[in-house]
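Notes follow once the structure below has been shown.
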Amino acid sequence: MSHSCSLLAPVDEDQEFHLDDYEGARARWCPGCGDHSVLTAAQRLLVDEQLKPEETVFVSGIGCSSRFPHYMKTYGFHGLHGRALPVATGIKLHRPDLNVFVVMGDGDCVSIGAGHWVHATRYNVDMVAMMLDNNIYGLTKMQTSPTTPQGYKSNTQPQGSWLPALNPIEATLGITNASFVAQTAEWIPAHLFATLQAAYRHNGFAFVRVLQRCPVFTADIYMDAVRNPEMIDMLDHPDGVPVPESLRQIYPNHLRHDPLNLSAARDLAADTSRIRLGVFFRDEGLPRYEETRHLPAHTADDKIRILNEELDQYAV
Amino acid sequence: MPSEKKSEELASRALEVLGRPREEFRSTLIVTSEELRSLLDAGSATAEARAARTAAELGAFAVGHIDIEKFSSFQQKGAAVPVSEAPRLDAASRTLRSLLELGDDLYFVRVSSGGDLRDSVSHGLGRAGRAFGAARTVELARSGKYDEEVHGGWLDSFPPSLWNRREWELAPPLIVEVDGADLRPGGLMEFLDGNQKIVLVVRGPAPPAALARLITPGVTVLQTEDPAELSLVAEAEGPAIGALMPPDSCRFVHVPATGEGRARLTVHHMPDEEPKRALGGISVFQQADALRHLATLAAGWGLAAAGDVGPSGDGASGPAGAATAADKLAAWILRQADLQEAG
Amino acid sequence: MAEDTAVKTREQTGRAQVIRSTQCTVEVVSDSGEGAQKCGQTFGAVSAKMGNGVWTVEIIPAEIQPPPRSPAGASGNRIRIGERVVTNWGDRTNVCIAFNEQVLLARHRLDAIEDDAILLVENMWATHSDEDIRAEWTAAMEELGGAGYRIIEVPMEQECLTVVDNARKGKNMFALGILCWMFDRDMDLTREQIAHAFRKKAAEITERNHQLLELGYAWADENLDVRIDVRPGLSAENTLVMNGNQAAAFGAVAAGMEMAAMYPITPATSVSHQLGEIFYKFGGIVHQAEDEIAAVGVAIGASYSGKVAFTITSGPGLALKTEFLGLSVMAEIPLVVVDVQRGGPSTGLPTKVEQSDLLAALFGQPGDAPHVVMAPATIEECFHAMITARRIAETFRTLVVVMTDANLATGVQPFPRPTLDPAWQGSAPDMSAIPEGKPPYDWDEATGLSRRFIPGTPGGMHTLTGLAHDGNSRVAYASAINQKSSEMRSRKMAVLQSTLRPPEVYGAESGDLLVVGWGSTKGAIEEAVDRARAEGVSVSSLHLRFLSPMEPGLKAIFSRFKKVMTVEINYSDELDMPYITEENRRRGQLAWLLRAQTLVDVDCWTRVLGEPLRPGAIHDVIRSNVSKGGAA
Ligand SMILES: Cc1ncc(C[n+]2csc(CCOP(=O)(O)OP(=O)(O)O)c2C)c(N)n1
Ligand SMILES: [Mg+2]
């Protein structure tokens, strides 16, 4: 698509944006919900990058986490359950000039929207795709999600989840043309921020799984990890997310991992005995669909001329 | 001395390699010009004119099925522009169209022998910059802030000194034909901002390391003999300048720091001959000093040996070429040390 | 030839008898892969260029890889030519040229062939080395022989082998030569057309095809004694020839759209094939998504952020898109959906025509989702409808579903070349700064219309949502707000309806019977009305382009006729069927709508035979309904 931005935009180029320039409606998630922390990190990121609110779009699905765009003062698209990625893809294909962020829940992304997750990863369209993973369906009140730990009880599976949990990082790493795959946790704001920033600066589809506490339905799942930083390995690399200085002491386990090393990334992701945060994989050299399909713009008159030429072939 | 034809051919190769930034600027022109056309259509029209426009927009399927006048009354009117400002918008629209009509010439300037490189570049950018001037004129006119005194000349020239951040990001690429003897790139520093891409096609003997003086942390700088390598300029993030140099000039590329990656200076070739003759007004000392500058920078960066990490993947300078480039560079550094002792 | 209004004279010129007729339907049938399509298309194109009216449809095999020489494998083209404009595929076939007797048998058994038709059939099978094949031939010829056709055996294989090694690849051009002789086609034009059809192949191929063409012509000249004279009565000047899918594709380009998101589905796919060839030249993308849901999602994302986008599909895909279509209505994101209908439900009849998606298109979205549904009636209208659809979508911030069908999609017809107008592309989206305090759904109290806030527009930041929302796009569950926003979305349909003109009646303004149709049946209905009126039957017809909102003035028009009935290609019960009563009868979909809309007792006659309606069949229905009505 050809939408270059028009010059006719009365934007004040010298305006500096502050946190309150990005704050939308008051967030109405439960107290203690991890989504608050992700919202704060995203707003901080926008300040840091000085993104113009009118040139930024947050696209979401349906779920607690998908309320996200309402709490931003950017453009927002709160669409259908599971369908955020096609919408975001359409936006970015038509308007590569916009900054696009996608916020999804675990049910949103890897259950109902799983097909889109696979294909959006493969399209590798430049956007940040966050999956806020609380291991449960929150909005609809505690049904099992694909990432619910095996045996964990829910309203739909009161005897405990029947199946082993799906591993979204491992699965994403298995998709052809995946270009950025990272994991972070909302209770470690410095790491969350650094990961979102790396994702934003990445040229391509940046998939970020954010481990997210739900204080109401899955309060216990991440409890141990929150209390015991020993359980966490930080993936450390200058090309990924270097472990922030403030965290180096608190999180003593650092794993040096070159994000270009896909097979090492897959091994790290497959081993679920440890929680690993950081960038598993990152490659900016992969084709981006919106780039591949980029086309020059045409004037209306030009189009008429070309169309007439095409129609000549059908002329009697 | 390369013939006129040769430099023309090189310039058209450069034009080709700069296809993407060129196309982007053109697309911006088109999108802006179409939007302005819509604005003019919507703004000035009477109800009748609007109905006629609606009839045209609805096309033949509507004939007999839709009451055009009625339909037209429900169309969004679009942003109103004060009637008094219509001529201004017309003029801006004409400016955009005239730039579109210039086609590829918009991205070319030729510095006549003995001419001033900086002035020519400024002129070339100021000409394409009229697009920015036109857009600003529209915005000012729309908001009733247009002031002939201040903004009057913007449709004739809108030089880079007036550009804002966004305009620098959308900057038009420029290809400049210039004699080697006039290659004083120092003055170009002020144009290396935003997303500006400049390519110099150098005619005749030239100071061998002229562009070395432009190396700063954020700018891509390239000297080469191979037009294909200009893709480094075309695809660079941020400002970039490249020169197509005569044979036996320095060949080097400086890639600025991106993300976590470090800046790199890679020298592929050092000239066999030291500068011996003044070129136009450029003295032997000045030519040699630029070479020394390059050598110092390369040393400071830890002397990237050409051929292995060269982002250009320059096949011609295989390992042997790389070795000699490194040797020559080392020699230059030594000589520089000598000079300092002597001085 | 068929008993119709055609002028027919027979005369003898030289050896050959010449039958003069105002129209004639020709079929070319073969196993698939033998090129009958190319033969038929070329014949149609040449006829159009000569100034005949033409309507071509494909005969598509029932199976993808049918065994050779099986009735299920009949594949080819049906070309109806006329002195004047031809608006539909006509009745039964007058001339059929078949590459084996089994495909011919298939057409015979489908009742596709006129009683006095001329049949030309490859006769290599009569003497085939395989005994079974010889037996099949004998049996088939016996069955065909009983029907009274004029059967001519043609040694196609034998003749073609004098020019090519593999006659299977050459018979189609030989057959074309025969048709050219029979219908006295312009041979230079034909050669030109062949060269055009094979322009992407090596030059030898064109040359060989020219040779085969001439061979067929010479053979016919030598061996046939009947020619058919359908005089070209039209000017072919400034005419385009294409099918409805191509027309829709070009229409989308002319409408300035730049994003077509789709997932392949017959019979809609060829719109994207056409666009795939040309769209990029206009800065347009054909995005083949991972499924229909994603396709409409991408289209909505693109539309939301700028120029109106569209998606193309058929019944099963329309079903999948349903939830997103509801979102487009709820959030007032303009969108154009092209539904090229096929037989249904479920996977149904993928390649065959039906008009059974009407109610699904109107009411398929759960919740109240008022939107526009329109239906082009001709191939030409498939082009122009896209332009109007885009304009309406944008002006009314609405979903517009454009309903075509397999008949329009695959029918090929000449139509006047449109004079292109840049205004069709509309204006660039308005992205001027939004005045402070203006809400994203600043509904005009009376019309429900509001300006769209497109990302990138300063001051327009808001979150669009598919949840119930107030004018500020804030999620709102308060009952009064939902009532209000539902009212605003619905009002837009009334406003659009207020701009529509009452439909024109074809024929007299009042009378015994009014036939109402929509979509691709227009040509067949009007031809039937013409025939009936010529016999003095008091019948008129009316064809609807807008199904939602419905065109105004229907009740008044209906009141001037003793009886009103729809003719449609969808299923309806008939009263003489077991258990069927006035009360439980399921009626044609348009009849259903019209009854609800007008409270008039609208009757219907519908068929789902997997083929377009024949004017002759409609003519019969008209006659029986008028006499039933007791008026005639
Ligand atoms: C098509 C459709 N199916 C089901 C639902 C009901 N629904 C809404 S949110 C949701 C799951 C939410 O879980 P998740 O995506 O993990 O988000 P969370 O609320 O946990 O943030 C479901 C099943 C829906 N809105 N739409
Ligand atoms: Mg969840």
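Just so you know, all these numbers are worked out from the coordinates, no wet-lab data involved. Note that the structure is predicted; figures quoted are calculated from it, not measured. Cβ atoms come from the backbone with ideal geometry, glycine included; neighbour counts cover every protein chain shown.
Determine the sum of side-chain charges near A:ASN228: Lys and Arg each +1, Asp and Glu each -1, restricted to other residues whose C-beta is under 14 angstrom from that of A:ASN228. Before the final figure, lay out each step's value.
On the way: positive: A:ARG227, A:ARG274; negative: A:ASP220, A:ASP224, A:GLU230, A:ASP233.
In short, -2.
For region C:8-236, take N as its residue count and report Rg(C-alpha) divided by 2.2 N^0.38 Å.
Numbers: Rg = 16.5 Å, N = 229, 2.2 N^0.38 = 17.3 Å.
Against the empirical 2.2 N^0.38 Å value, I get 0.95 for region C:8-236.
May I ask what percent, to the nearest 5, of DSSP beta bridges between residues of chain C are antiparallel? Provide the component values of the computation, followed by the final result.
On the way: 33 of 87 bridges.
Looking only at bridges with both residues in chain C, the antiparallel portion is about 40 percent.
How many percent of DSSP beta bridges within the protein assembly as shown run antiparallel, rounded to 5?
Details: 51 of 162 bridges.
Rounded to the nearest five, the antiparallel share is 30 percent.
Quick check: net charge around B:TYR107, other residues with Cβ under 15 Å of its Cβ, Lys/Arg +1 and Asp/Glu -1? Present the calculation step by step, with values, prior to reporting the outcome.
Working: positive: B:ARG13, B:ARG20, B:ARG22, B:ARG26, B:ARG110, B:ARG127, B:ARG130, B:LYS197; negative: B:GLU8, B:GLU16, B:GLU23, B:GLU24, B:GLU101, B:ASP104, B:ASP105, B:GLU177.
In short, 0.
Any lysines with Cα under 28 Å of the B:LYS5 Cα? List them, leaving off those in the same chain fewer than 8 positions away.
Those lysines meeting the cut-off are B:LYS197, B:LYS276.
Can you give the relative contact order of region C:240-425 as a percent, counting alpha carbon pairs under 8 Å and 6+ residues apart? Let's see the in-between values first.
Values: 421 pairs, mean separation 56.1, N = 186.
Once normalised by length, the contact order is 30 percent.
If we count other beta carbons within 10 Å of each Cβ, what is the order of A:ASP133, C:ASP573, C:ASP130, A:ASP106, fewest first? Write out the running numbers ahead of the final one.
Details: A:ASP133 30, C:ASP573 17, C:ASP130 9, A:ASP106 26.
Starting with the residue having the fewest Cβ neighbours, the order is C:ASP130, C:ASP573, A:ASP106, A:ASP133.
Which residue fluctuates most in the GNM of chain A (Cα springs below 10 Å): A:GLN50, A:GLN212, A:GLN15?
Highest fluctuation of the listed residues: A:GLN15.
Which one, C:THR162, C:ALA596, A:GLY174, is farthest towards the positive end of the dipole of the protein assembly as shown when Lys and Arg carry +1 and Asp and Glu -1 on their Cβ?
Ranked along the dipole, the leading option is C:ALA596.
Give the shape of region A:2-291 as rounded, prolate or oblate, defined through the alpha-carbon gyration tensor: a ≥ b ≥ c are the square roots of its eigenvalues, a/c under 1.5 means rounded, and otherwise the shape is prolate if a/b is larger than b/c and oblate if not.
Values: a/c = 1.43, a/b = 1.29, b/c = 1.10.
Because its axes are fairly even, with a/c under 1.5, region A:2-291 counts as rounded.
Please find the FRET efficiency linking B:THR296 to B:ARG94, where r is the Cβ-Cβ separation and R0 is fixed at 60 Å, and quote it to the nearest 0.05.
In this case the efficiency is close to 0.75.
Return the average number of partner chain Cβ atoms within 10 angstrom of each residue Cβ along peptide C:326-338.
On the way: counts 1, 6, 0, 0, 1, 3, 0, 3, 0, 0, 0, 0, 0.
Rounded to a whole number, the mean comes out at 1.
Give me the distance in nm between label points sitting 7 Å out from Cα along the Cα-to-Cβ direction at C:THR162 and C:ARG84, one decimal.
Placing both labels 7 Å beyond Cα along the Cβ direction yields 4.3 nm.
Largest first, please: the extent of the C-alpha atoms of region A:195-297 along each principal axis, to the nearest Å.
Computed over the Cα atoms, the extents are 54, 33, 27 Å.
Ordered by packing density, taken as the mean number of other Cβ atoms within 10 Å over each peptide's residues, highest first, how do B:124-132, B:266-274, C:520-528 rank?
Details: B:124-132: 22.7, B:266-274: 19.8, C:520-528: 26.1.
With the highest mean Cβ count within 10 Å placed first, the list reads C:520-528, B:124-132, B:266-274.
For region C:505-628, what is the relative contact order in percent, using Cα pairs closer than 8 Å and at least 6 residues apart in sequence? Let's see the in-between values first.
Details: 206 pairs, mean separation 39.5, N = 124.
This gives 32 percent for region C:505-628.
Please enumerate, by chain and number, the lysines with C-alpha under 30 Å from the C-alpha of C:LYS49, excluding those fewer than 8 residues away in the same chain.
Leaving aside lysines fewer than 8 places away in the same chain, those within reach of C:LYS49 are A:LYS303, C:LYS8, C:LYS38, C:LYS169, C:LYS171, C:LYS200, C:LYS201, C:LYS281, C:LYS352, C:LYS522.
What is the sum of charges, Lys and Arg at +1 and Asp and Glu at -1, for the other residues whose Cβ falls under 14 Å from the Cβ of C:ILE580? Walk me through the intermediate numbers first.
Details: positive: C:ARG585, C:ARG586, C:ARG587; negative: C:ASP573, C:GLU574, C:ASP576, C:GLU582, C:GLU583, C:ASP603.
Taking every other residue near C:ILE580 into account, the sum is -3.
For C:MET187 paired with B:GLU148, estimate the spin-label separation in nm (one decimal), with each label point 7 Å from Cα along the Cα-to-Cβ line.
The answer from the label model is 7.6 nm.
Can you give the helix-only mean residue ellipticity at 222 nm for the protein assembly as shown, where every DSSP H stretch with n ≥ 4 adds -39500 (n - 2.57) and the sum goes over all residues, rounded to the nearest 500 deg cm²/dmol? All intermediate terms of the calculation are to be shown ahead of the outcome.
Numbers: 40 runs with 469 residues, N = 1291.
That comes out to -11000 deg cm²/dmol.
How large is the dipole of region B:175-258 about the Cα centre if only Lys and Arg carry +1 and Asp and Glu carry -1, each at its Cβ, rounded to the nearest 20 debye?
Working: 5 positive and 11 negative charges, 36 e Å.
Value, rounded to 20: 180 debye.
What's the magnitude of the charge dipole for chain A around its Cα centre, counting Lys and Arg as +1 and Asp and Glu as -1 at the beta-carbon? Answer in Debye, nearest 20. Can you show the working numbers first?
On the way: 26 positive and 38 negative charges, 246 e Å.
Taking the Cα centre of chain A as origin, the dipole is about 1180 debye.
Just to check, using Stokes-Einstein with a Kirkwood Rh over alpha carbon pairs, what's the diffusion coefficient of chain C at 10 °C and 1.306 mPa s in µm²/s? Could you put the intermediate results ahead of the total?
Numbers: Rh = 26.3 Å.
Using the Kirkwood radius from Cα pairs, D works out to 60 µm²/s.
Specify which residue in the list C:ALA377, A:PHE280, C:LEU554 is farthest towards the positive end of the charge dipole of the protein assembly as shown, using unit charges on the beta carbon of Lys, Arg (+1) and Asp, Glu (-1), about the Cα centre.
About the Cα centre, the residue reaching furthest to the positive side is C:LEU554.
For region C:366-439, what is the convex hull volume of the alpha-carbon atoms per residue, in Å³?
Details: hull volume 8.8 nm³, N = 74.
Cα-based convex hull of region C:366-439, divided per residue, equals 119 Å³.
Using a 10 Å cut-off around each Cβ, can you sort C:SER432, C:SER346, B:SER38, B:SER143 from fewest to most neighbouring Cβ atoms?
On the way: C:SER432 22, C:SER346 8, B:SER38 19, B:SER143 12.
Result, fewest neighbours first: C:SER346, B:SER143, B:SER38, C:SER432.
Just to be sure I understand: with springs between alpha-carbon atoms less than 10 Å apart, which residue in A:ILE250, A:ILE91, A:ILE306 has the highest mean-square fluctuation in the Gaussian network model of chain A?
Highest fluctuation of the listed residues: A:ILE306.
Take every DSSP beta bridge with both residues inside region A:172-316 and express the antiparallel ones as a percent of the total, to the nearest 5. Don't skip to the answer; put the middle values down first.
Details: 4 of 16 bridges.
Bridges in region A:172-316 are about 25 percent antiparallel.
Would you mind telling me which residue in A:ALA129, A:ALA88, A:ALA219 has the biggest mean-square fluctuation in a Gaussian network model of chain A, where springs connect alpha carbons within a distance under 10 angstrom?
A:ALA219
Taking the Cα-to-Cβ direction at C:ARG150 and at C:ALA617 and moving 7 Å from each Cα, how far apart do the two end points lie in nm?
2.8 nm
Over the Cα atoms, compute the radius of gyration (one decimal) and Dmax (the largest Cα-Cα distance, rounded to a whole number) for region C:505-628, in Å.
In order Rg, Dmax, the Cα atoms of region C:505-628 give 13.5, 38 Å.
For region C:376-485, give the magnitude of the charge dipole about the Cα centre (Cβ charges: +1 Lys/Arg, -1 Asp/Glu; no others), in debye to the nearest 20.
Numbers: 9 positive and 11 negative charges, 38 e Å.
It comes to approximately 180 debye.
Please express the shape of the protein assembly as shown as an equivalent ellipsoid: the semi-axes are the square roots of 5 times the eigenvalues of the C-alpha gyration tensor, given largest first in whole angstrom. Before the final figure, lay out each step's value.
Working: eigenvalues 751, 316, 211 Å².
They are 61, 40, 32 Å, listed largest first.
Counting only C-alpha contacts under 8 Å and six or more residues apart, can you give the relative contact order of region A:2-291 as a whole percent? Mind showing how you got there, number by number?
Numbers: 632 pairs, mean separation 47.4, N = 290.
After rounding, I find 16 percent.
Work out, in µm²/s and without decimals, the Stokes-Einstein translational diffusion coefficient of region C:442-511 at 10 °C, 1.306 mPa s, Rh from Kirkwood over C-alpha pairs.
On the way: Rh = 14.8 Å.
Using the Kirkwood radius from Cα pairs, D works out to 108 µm²/s.
When a footprinting reagent is the concern and you count Cβ atoms within 10 Å, what order do C:ARG397, A:ARG293 take, fewest first? Walk me through the intermediate numbers first.
Details: C:ARG397 22, A:ARG293 17.
Ordered from fewest to most neighbouring Cβ atoms within 10 Å, C:ARG397, A:ARG293 come out as A:ARG293, C:ARG397.
Where in region B:38-68 is the amide nitrogen less than 18 Å from a point lying 7 Å along the Cα-to-Cβ axis of C:SER498?
It comes to B:51, B:66-68, nothing else.
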